[in-house]
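The values are calculated or read from the model by the stated rules, or taken from the named source; none is laboratory data. No experiment lies behind these values; they were computed from the predicted model shown. Because the Cβ atoms are built from the backbone with ideal geometry, glycine has one as well, and the counts that use them run over all protein chains shown. Ligands, DNA and RNA are excluded from the accessible area calculation, which covers all protein heavy atoms including side chains. Shrake-Rupley method; radii C 1.70, N 1.55, O 1.52, S 1.80 Å.
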Amino acid sequence: MIKIKENNKDVNEFNYLYEEVGWGAYSYECSKKALDNTLYSISIHDEDKVIGFGRLIGDGICFIYIHDVMVVPSFQSQGIGSMIMNKLLEKVKESTGLEPVLAND
């Protein structure tokens, strides 16, 4: 059963995902500070195991960036990444009242 958690600041889960997608985890302290300074995040869980994550960083007004969108490889190509992106884009619109501008636009 898939569950969505907002603003999850579990450093161990964050570092686990960094390792799983091949990016290599930061130190616990660095990851904790990054999560503490995140504007908004979403994590996806299959039962009690984290399988995906994405976050928004920026000033919350003029500049909001989607960052660290990660999905465990065995769960990729199942719509998890799209679920994360859609939720993050909804949050940008909610926060700013504007349609998000994508970098490729």
* Treating the beta-carbon of each Lys and Arg as +1 and of each Asp and Glu as -1, no other charges, what is the dipole magnitude of the range 1-62 about its Cα centre, to the nearest 20 debye? -> 140 debye
* Would you kindly derive the ³J(HN,Hα) couplings of the range 48-59 from the backbone phi angles with the Karplus curve 6.51 cos²θ - 1.76 cosθ + 1.60 (θ = phi - 60°), listing them in order in whole Hz, with x for Gly and Pro? => 10, 9, 5, 10, x, 6, x, 8, 10, 10, x, 8
* Asked: What accessible area per residue, rounded to a whole number of Å², is obtained for the chain using a probe radius of 1.4 Å?
  -> 61 Å²
* Hey, quick one: spin label on D48, modelled 7 Å out along Cα-Cβ, who in the range 1-41 has an amide N within reach, i.e. under 17 Å? -> 1-5, 10-14
* Asked: Can you pull the three principal axis extents for the Cα set of the chain, in Å, largest first?
  -> 34, 32, 24
* Structure fact -> Most fluctuating of Y18, Y28, Y40 in the GNM of the chain (C-alpha, under 10 Å) is Y28
* To do: Please work out how much accessible surface I84 shows to a 1.4 Å probe, ignoring ligands, DNA and RNA, in Å² rounded to 10.
  => 0 Å²
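Report the trypsin sites (Lys or Arg not before Pro) located in the range 1-83 that are in a DSSP loop and have at most 16 other Cβ atoms inside 10 Å of their Cβ, or state none. Mind dumping the intermediate values first?
Details: sites: K3, K5, K9, K32, K33, K49, R55; in loops: K9.
When the trypsin sites (Lys or Arg not before Pro) of the range 1-83 are filtered for loop state and at most 16 Cβ neighbours within 10 Å, K9 remain.
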* Asked: How many percent of the accessible area of the range 32-94 is carbon or sulfur, using a 1.4 Å probe?
  -> 52 percent
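From the helices alone, meaning DSSP H stretches of at least four residues, give me the mean residue ellipticity at 222 nm for the chain, per-run term -39500 (n - 2.57), in deg cm²/dmol to the nearest 500. Provide the component values of the computation, followed by the final result.
Values: 3 runs with 36 residues, N = 105.
About -10500 deg cm²/dmol.
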* To do: Select from the range 3-105 those GluC sites (Glu not before Pro) which occupy a DSSP coil region and have at most 13 other Cβ atoms within 10 Å, ordered by residue number.
  => E47
